[in-house]
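Engineer: Structure incoming, see below.
The values are calculated or read from the model by the stated rules, or taken from the named source; none is laboratory data. These numbers were taken from a predicted model, which means no experiment stands behind them. Here the Cβ positions follow ideal geometry from the backbone for every residue, glycine too, while neighbour counts run over all protein chains shown.
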Amino acid sequence: MGKKRTSAFAIGRIFFVPPGSSEQYYFRLLLNVIKGPKSYEDLKKINGRDHKTFRDACYALGLLDDDKEYVDAIVEASNWGMSSYLRQLFSMLLLSNSISHLESVWQASWHLLSKDIHHEERTILNNPEADLTDDELKNRCLQKLETF
């Protein structure tokens, strides 16, 4: 005969959710860590602070990395790859939906993604003295990222 179950009371099972499933994945992470939530809002409330998304709540709990590995990958690739390749790499990272804080990765890497844009603008305008502001560079870079 079987042995009587000795573990704690359980209502059901939490099934596997792949990391690419976005909010469902973060929801599952929180369910595994937070004990006894009564609502979705309870899952998003960490240390008395309400978070907008399950992803933000996971980040506040320290369940997610700080995205440094993505910035490091772009910096490392910049040693041998052209800016167009870096933009393609950045696009693939975006599509993988694994970056926790997109804006911090963008701020840390936009200058590497847009290195060739100055040269392109000078060539197009036929003006070797043409200079773009940081905001113009960022906008041109974002326009190029949209094509991927």
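Engineer: On the basis of being in a helix (DSSP H, G or I) and either loosely packed, with under 13 Cβ neighbours inside 10 Å or out of contact with any strand residue (DSSP E or B) (no Cβ under 7 Å at 6 or more places or on another chain) (or both), does Lys138 make the cut? First the steps, then the outcome.
Structural biologist: Working: in a helix (DSSP H, G or I): yes; either loosely packed, with under 13 Cβ neighbours inside 10 Å or out of contact with any strand residue (DSSP E or B) (no Cβ under 7 Å at 6 or more places or on another chain) (or both): yes.
Answer is yes for this residue.
Engineer: Examine segment 27-47 for a residue that is exposed (fewer than 13 other Cβ atoms within 10 Å of the Cβ), modelled with pLDDT of 90 or more and assigned by TED's automatic domain parsing to the domain that holds Ile99, and state whether such a residue exists.
Structural biologist: no
Engineer: Separate question: What residue, of Leu63, Leu89, is assigned to a helix (DSSP H, G or I) and touching a helix residue (DSSP H, G or I) at 6+ places or on another chain (Cβ under 9 Å)? Give the steps one after another, and end with the answer.
Structural biologist: Values: Leu63 fails: assigned to a helix (DSSP H, G or I).
Criteria check complete, one pass: Leu89.
Engineer: I need a count of the residues in segment 110-141 that are more than 20 Å from Asn79 (Cα to Cα) and among the aliphatic types (A, V, I, L, M).
Structural biologist: Final tally of qualifying residues: 5.
Engineer: Please work out which residue is modelled with the highest pLDDT, limiting yourself to segment 48-87 and to residues that are crowded, with 16+ Cβ neighbours inside 10 Å, in contact with a Lys or Arg (Cβ under 8 Å, 6 or more places away or on another chain) and of a type in the set (D, E, K, R).
Structural biologist: Among those that are crowded, with 16+ Cβ neighbours inside 10 Å, in contact with a Lys or Arg (Cβ under 8 Å, 6 or more places away or on another chain) and of a type in the set (D, E, K, R), it is Arg87.
Engineer: Here is a follow-up. Scan segment 107-117 for residues that are surrounded by 15 or more Cβ atoms within 10 Å (Cβ to Cβ) and either within 14 Å of Arg140 (Cα to Cα) or of a type in the set (D, E, K, R) (or both) and jot them down.
Structural biologist: Trp110, Leu112, Leu113, Ser114, Lys115, Asp116, Ile117
Engineer: If you take the residues of segment 88-101 that are modelled with pLDDT of 90 or more and not hydrophobic (A, V, I, L, M, F, W, C), which of them is nearest to Tyr26 (Cα to Cα)?
Structural biologist: Top of the filtered list is Ser91.
Engineer: Next question, about the same structure. Are there any pairs, at least 6 apart or on different chains, whose C-beta atoms fall under 8 Å, with the first in segment 108-121 and assigned by TED's automatic domain parsing to the domain that holds Leu137 and the second in a loop (DSSP other than H, G, I, E, B) and surrounded by 15 or more Cβ atoms within 10 Å (Cβ to Cβ), and if so, which?
Structural biologist: Ile117/Leu132; His118/Leu132; Glu121/Leu132
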